[in-house]
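Here's the structure, in structure tokens; my notes come after.
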Amino acid sequence: MKRLAVNGDQAIALSWKQINPDVCASYPITPQTIIVEAFSDYVADGEVDTEYVCSESEHSSMSICIGASAAGARAVTATASAGLAFMWEMLYIAASMRLPVVMTVANRALSGPINIHCDHSDAMGARDSGWVQLFAENVQEAYDNSIMSFRIAEHMDVRLPVMNCLDGFIVTHAIESLTPMTDEQVKKFVGEYKAVHPLLDTKEPHAFGPFDMPEYYYEHKYQQAMAMNNVLPVIKEVSQEFEKVTGRHYDFIETYRTEDADYVAIAMGSTAGTMKAVVDDLRKEGHKVGCIKLRVFRPFPYQDVAKATEGKKAVAVMDRAISFGASGPLFADIRSAEFENRIHPRTVNYVYGLGGRDVGVEDLKTVFKQLESGSAKTINYLGVKQ
């Protein structure tokens, strides 16, 4: 299929069109709105036969997806920021019921004060809800992650919901070059949906979400944990199949010029792309630096991170979210992973870009220079006005 010039939201809507899910329930919220607007056009034009429900709230959207998935349908939705927060209760229910709902999150700051621009506070707040979480660097990766999300969620070793995250405005509204798969390729890759114990199967009835006494609740949480442990091998398998079809390679993390680097920075989302340009600039000046993009945040790829940071002199962890009274969410996991290594590099945290605060090349060069000089504090606030 020929290359297209589209933004990230349009790319997600295109992936849904090619997949043709059974049910889409949504409530529009900036910067996610273009996704459901574009997809509703596909529905209205008869290009898909999806049952599209414009619900009265995000809580209702996820409730509808849960009901549809439990009934035996392939269900999708999208949201951002306060919309994700409004779903909070239902996020846990979707995961605990082992329903393979796929949701795109256009990452946006949480109130207050109200802010419609990018940071990762919405997805970070949901990191313990039991959803698989993928982060995209650009429009192409957002599209590719969307297609792979269905295979991951619906795999019989997983059966968990997947959250496909892309940076609000930076990726959702940026027009970039996209090389999509053909409709036939997508349909063959994703396959027909196979419901497991659907509620509408009257010959073999099952209960979903009954009251769980202490005698069983713990075991059900354990089963969720074991399913999450199965996710990384499934992501690896799905990514390898995807590469055979498209030629595009994805892994849990992406290392860039780290082999001989003494100083490394780690980021998720669109910042990883800027970080690569910064590494190239500093390499020309003789600095031994590299960067790591974390693509899979839940489940966290501890062993891969440990291997990638082994032997480094210092590591900077970039958090586009703040955890009040503690370090950034990503920082805590990175430091934990490094304890797999015999020698631990000095690892520092940079909170940055909150509420859409722009972070440019010079800002990120400062990070590496502070790493090299040893002047970075344990927790740093990059670009904040003093």
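GluC sites (Glu not before Pro) within region 250-300: which are DSSP loop residues with at most 14 other Cβ atoms inside 10 Å? If you can, show how the numbers build up before the last one.
On the way: sites: E254, E259, E285; in loops: E259, E285.
Here the GluC sites (Glu not before Pro) that fit, given the DSSP loop and packing criteria, are E259, E285.
Size of the chain: Rg and Dmax of its alpha carbons, in Å, are 20.7, 70. As a proxy for reagent exposure, F135, F150, F324 were ordered by neighbouring Cβ count within 10 angstrom, fewest first; the result is F324, F150, F135. Take the Cα of V361, step 7 Å along the line toward its Cβ, and report every residue of region 284-305 whose backbone nitrogen sits under 18 Å from that point. It comes to 284-291, nothing else. The trypsin sites (Lys or Arg not before Pro) of region 176-231 that meet both conditions, a loop assignment by DSSP and at most 16 other Cβ atoms within 10 Å of the site Cβ, are K194, K203. Measuring between their Cα centroids, region 86-123 and region 149-215 lie 16 Å from each other. Restriction of the chymotrypsin sites (Phe, Trp or Tyr not before Pro) in region 175-247 to DSSP coil positions whose beta-carbon has at most 13 other beta-carbons within 10 angstrom yields F211. Look at V305, V101, V238 and count the other Cβ atoms within 10 Å of each Cβ; fewest to most, that gives V238, V305, V101. When each of I35, I253 is scored by the number of other beta-carbon atoms lying within 10 Å, the sequence from fewest to most is I253, I35.
Relative contact order of the chain: 16 percent, from C-alpha pairs under 8 Å at least 6 residues apart in sequence.
Straight-line cross-link reach from K293 at under 19 Å between alpha-carbon atoms covers these lysines, not counting any fewer than eight positions away in the same chain: K236, K276, K307, K312, K313, K365. For the chain, adding -39500 (n - 2.57) for each run of n ≥ 4 DSSP H residues and dividing by the number of residues yields -12500 deg cm²/dmol at 222 nm. Under the simplified labelling scheme, the E176-S55 pair shows an inter-label distance of 2.9 nm, with each label point 7 Å from Cα along Cα→Cβ.
Centre-to-centre, using Cα atoms only, region 222-249 and region 301-357 are separated by 23 Å.
Starting from the Cα gyration tensor of region 104-175, take the square roots of the eigenvalues, sort them a ≥ b ≥ c, and report rounded, prolate or oblate (rounded when a/c is under 1.5, otherwise prolate if a/b is larger than b/c, else oblate). Since a/c reaches 1.5 but b/c is at least a/b, the shape of region 104-175 is classed as oblate.
Read-outs: derived from the displayed coordinates by stated rules, not from any lab. Computed from a predicted structure; not experimentally measured. Every residue, glycine as well, gets a Cβ built from its backbone with ideal geometry; the counts of neighbours run over all protein chains shown.
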